[in-house]
Every structure is written in C-alpha cells, then in structure tokens.
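Heads up: the structure comes next, in structure tokens.
The values are calculated or read from the model by the stated rules, or taken from the named source; none is laboratory data. The model shown is predicted, which means the values in this text are computed figures rather than measured ones. Backbone-built Cβ (ideal geometry, glycine too); neighbour counts: all protein chains shown. Accessible surface areas use protein heavy atoms only, side chains included; no ligands, DNA or RNA. Shrake-Rupley method; radii C 1.70, N 1.55, O 1.52, S 1.80 Å.
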Amino acid sequence: MRIGIAGAGAFGTALAVTLAQAGQAVTLWARDAEAVGEIRRTRRVERLPEIELPEGIEPVSALSSLFSCDTILMALPAQATRGFVAEHAAPLAGKVLVACAKGIDLHSLTGQTAIIAKAVPSATPALLTGPSFAADIARGLPTALTLACADEACGAALQQALSTPTLRLYRSADVIGAELGGALKNVIAIACGACIGAGLGDSARAALMTRGFAEMQRLAAALGARPETLMGLSGFGDLVLTCSSELSRNYRYGLALGRGETFDSHMTVEGAATARAVTDLAAARGLDLPISAVTARMVAGDLTPLQALDALINRPLKEERE
Ligand SMILES: NC(=O)C1=CN([C@@H]2O[C@H](COP(=O)(O)OP(=O)(O)OC[C@H]3O[C@@H](n4cnc5c(N)ncnc54)[C@H](O)[C@@H]3O)[C@@H](O)[C@H]2O)C=CC1
Ligand SMILES: O=C(CO)COP(=O)(O)O
C-alpha cells in the first residue's frame, strides 16, 4: 500500500508522523509550493511547530506525486473535500480514499464518504475518525480511533496498514454512523464551550453533552446509522474529548463566543458549518434538534449564548427518553 496524505495541516501531518515512525513511507501533499519548500527545509509544519518530521515523510506540492499513491488519506477541512474530489476525479479513480475530516458538506448535506462516492464512483471510500488531538498522535501518545469502511476486506487491510504502536484502530462497517458521530459532536462542543465561556457551569455542560448526545443519536438513527456506533469511539468517545478539552478548536471557539471574544478566523472550526447543515437536515426530516439549532443561531450571531441557553432551558417539559 503506498500511502499519500492530502493536507499538511495538523491532522494530516500527525498521521504522517505516526505512520512514518512505524516504518511506512508517506507522501504528504500540500497545495502551496512555497510552504512545502519550507517544510522540506525545516522538517516542520506551521500547525504542529513542535514536531520534527521523521525521515519517512516526503512533503510534496505536485499532485502527480500524491496521485501516484494507491491509498490517500483526505485530511482537508470538510467543506474543501467536495471541490477537491470533483476537480481531481479522473486521477482519483479506483483509489482507496480515506476521509479524515469531521463535518457535513453544506452543499449536499451529506458526509465525507458520500461526497467521495458521488464524485469518484470507482474509488473505495473509507473513514478514519474518533477521539484524537493531532498533537497527541504526533507526540506518540496512546490513541484509539475507528476505521470505517463498507468494503470489509478493504477495511481490514486499512486497519492493519494504518495502525501503529501508539495508534490503535478499531474496525467498523457502519460508515454513516461513524461519520455522523465525528461531525455532530463538533456542534455540541461549540455549545459546551459557549456554556462554560458564559459562566453557566459544569452542571449545565453535562446537561448539554447528554442532551446533545440524544440529538446525535436521533439524527443518526434517521439517517440509517446503527445505534451502537454512536456509543463507540466515533460518537460518545469523541463527544467526551471535544466537549471537555481546551485543546479542541470547536470548544475554544465556543468559549470565545461565551466570553464575547473574537476567535482566529484562520482556525479550522468544523462545527460552525456543520451546525447549519444539521439544522437544514433536521428541517428536511422534521426532527427536533434544539441544541444544534441554537448553536447554529449563535454561530450566525442571531442569539447570544445566554439567550441560547435560556431558550433551551425554558422549552416545554418532556420525558427524558423523547
Ligand atoms: N487537528 C486535530 O486534532 C484533528 C482534526 N481532525 C479533522 O481533520 C480535518 C482537518 O483538520 P486539521 O488538519 O486540524 O486542520 P488544519 O487547519 O490544521 O489543516 C487543514 C489544511 O488543509 C489545507 N486546505 C484548506 N483548504 C484546502 C483546499 N481547498 N485544498 C487543499 N488544501 C486545503 C490548509 O491549508 C491546511 O494546511 C478536520 O475536518 C478536522 O475535524 C480530526 C481529528 C483530529
Ligand atoms: O476532532 C478532534 C478531536 O477528536 C479535534 O477537535 P477540534 O477540531 O475541535 O480541534
């Protein structure tokens, strides 16, 4: 298996580092030739400055080098995937394309693997997701993720090839459930950050995580996910990590909203677009997802965090299982 990674941001680079340390040769592609020149010279990337790239990584800006690999890990932001696979559908034909982004595409309202399958029908889509911060993976800290692929033989081969001594991959055939868990938890993490940033306390955050998880399960079930997938690393596991750690950009973005502060607009905050996508999906399917809805309105600037939390707590009373 010749492994290429599209995107030399934090996550793409972290994956390249752990794979290279495990002895894999990895082609790491970024679109900016000047930046790649700098990476080759310094053996460091801007998003993970403390990590030195091991020898097995070849940073490239030529797409032909990326397309010479048979397995490509797609580590671009979620909203960039559609354009990339559409533009390069011909050279991507027949390849194994592993989506690593966590987000629902705003245009099609589908997950990453559906975008890949639509643009490149001959490719085999897979997904790598679950609780992990790029810096932890790159530093060799122990991490467990989900490798999901509808083609079970391909999933097993990817599980073997992409596991390393510090990165343990569990296999799943439920691609829809795994990708919804990873995308939806980012929305809830923004809500949790806003809650803490606005000074509303840990009890309120626990309520948001729990009721947010109920929303994740409701939407995932409506879209055909297996319930148990949401209970695993890609759902519950990633929700816990992202809603409770200041290493999460989604959580930090929420904190900034709650405190009335600005946030670095160059940061990748997947939950912001996905909150809108979830609201559109819920409306189309007649689902009630109140936390996601108020989060989308907070992100759009239509509600303050205090107004959002007030709207949630004053909803009509109901049974917990609803
Ligand atoms: N950073 C993390 O800890 C983790 C990130 N992820 C997911 O990985 C995905 C990527 O995140 P990061 O690497 O952290 O973001 P990042 O912001 O560090 O890197 C994204 C990279 O993609 C490049 N890029 C953006 N648009 C592009 C386009 N149209 N064509 C080519 N390159 C483009 C950027 O220049 C940047 O180098 C996100 O969906 C995120 O949720 C998943 C697990 C952990
Ligand atoms: O997906 C992640 C952790 O699993 C990374 O979270 P952020 O994108 O919020 O930084």
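Look at the stretch 243-289 and say how many of its residues are buried (at least 24 other Cβ atoms within 10 Å of the Cβ), away from ligand 2 (no atom under 13 Å from the Cβ), of a type outside the set (Gly, Ala, Ser) and under 19 Å from the mean Cα position of the chain (by Cα).
Summing the residues that are buried (at least 24 other Cβ atoms within 10 Å of the Cβ), away from ligand 2 (no atom under 13 Å from the Cβ), of a type outside the set (Gly, Ala, Ser) and under 19 Å from the mean Cα position of the chain (by Cα) in the stretch 243-289 gives 1.
Residue by residue, here is whether (1) open to solvent by 50 Å² or more (accessible area, probe 1.4 Å); (2) away from ligand 1 (no atom under 11 Å from the Cβ); (3) within 29 Å of Thr124 (Cα to Cα) holds:
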residue: Val36; (1), (2), (3): no, no, yes
residue: Pro49; (1), (2), (3): yes, yes, no
residue: Ala62; (1), (2), (3): no, yes, yes
residue: Cys69; (1), (2), (3): no, yes, yes
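Within the set of pairs 6 or more residues apart or between chains, which connect a residue that is part of a loop (DSSP other than H, G, I, E, B) inside the stretch 127-145 to a residue that is open to solvent by less than 20 Å² (accessible area, probe 1.4 Å) and near ligand 2 (Cβ under 8 Å from one of its atoms) with Cβ atoms less than 6 Å apart?
Gly130/Asp238; Pro131/Asp238
Just one of Ile115, Ile190, Ile104, Ile176 is surrounded by 19 or more Cβ atoms within 10 Å (Cβ to Cβ) and within 13 Å of ligand 2 (Cβ to nearest atom); which is it?
The match here is Ile190.
Could you list, in sequence order, the residues of the stretch 166-197 that are touching a Cys at 6+ places or on another chain (Cβ under 9 Å) and part of a strand (DSSP E or B)?
Arg171, Ser172, listed by residue number.
Could you grab the pairs with beta carbons closer than 6 Å, sequence gap of 6+ or different chains, first residue in the stretch 288-315 and farther than 22 Å from Arg218 by Cβ and without any contact (Cβ under 8 Å) to a residue 40 or more places away in the chain, second one open to solvent by 30 Å² or more (accessible area, probe 1.4 Å) and assigned to a loop (DSSP other than H, G, I, E, B)?
none
Go through the stretch 22-34 and count every residue that is open to solvent by 20 Å² or more (accessible area, probe 1.4 Å) and either free of Cβ contacts under 8 Å to residues at least 24 places away in the same chain or not hydrophobic (A, V, I, L, M, F, W, C) (or both).
5
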